[in-house]
Amino acid sequence: MSKNEMAKKGLYIGTGMGLVLFVLVGLLPGIFIGGMGGLKIGEILFGTIAAGAIIPRLIVAFSMILGLLMTAVVFIVGSGVLGWTVGFITDAIRTGKVAVTETAEKNA
């Protein structure tokens, strides 16, 4: 097996799990939190939002998309890094055991 093979597999598995978790757990809260932030920003800039105002609505829409993207980054990239770390540690332990076994065989 090539060097860092387990790290690559861990990265792929972690990213896939992060994507599933994002869809199941993070999608709606990310949109909700971003929308609430956009409402607060629009309220600060324009006062109470009127029925026909376009710019406050654009601010809310942009912040909802931003909240969604930030949640996706946290879930997907965070899980990918965690999976890569576990794979890297597993690879290091496996390589260390092989090196110890080879050294013991040479000394015998």
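Data table
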| read-out | value |
| --- | --- |
| Extreme residue, surrounded by the fewest Cβ atoms within 10 Å (Cβ to Cβ), among residues of the stretch 32-65 that are charged (D, E, K, R) and within 26 Å of F22 (Cα to Cα) | K40 |
| One residue from G26, G10 being touching an Asp or Glu at 6+ places or on another chain (Cβ under 9 Å) and either surrounded by 16 or more Cβ atoms within 10 Å (Cβ to Cβ) or more than 26 Å from V77 (Cα to Cα) (or both) | G10 |
| Filter result (surrounded by 16 or more Cβ atoms within 10 Å (Cβ to Cβ) and among the hydrophobic types (A, V, I, L, M, F, W, C)) within the stretch 67-78 | L68, A72, F75, I76 |
| Filter result for G78 (small (G, A, S), closer than 20 Å to A7 by Cβ and in contact (Cβ under 8 Å) with a residue 12 or more places away in the chain) | yes |
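The numbers here are math on the coordinates, done by the rules we state, and not lab data. Since the model is a prediction, treat every value here as computed from it, not as a measurement. Cβ: placed from backbone, ideal geometry, glycine included. Neighbour counts: every protein chain shown.
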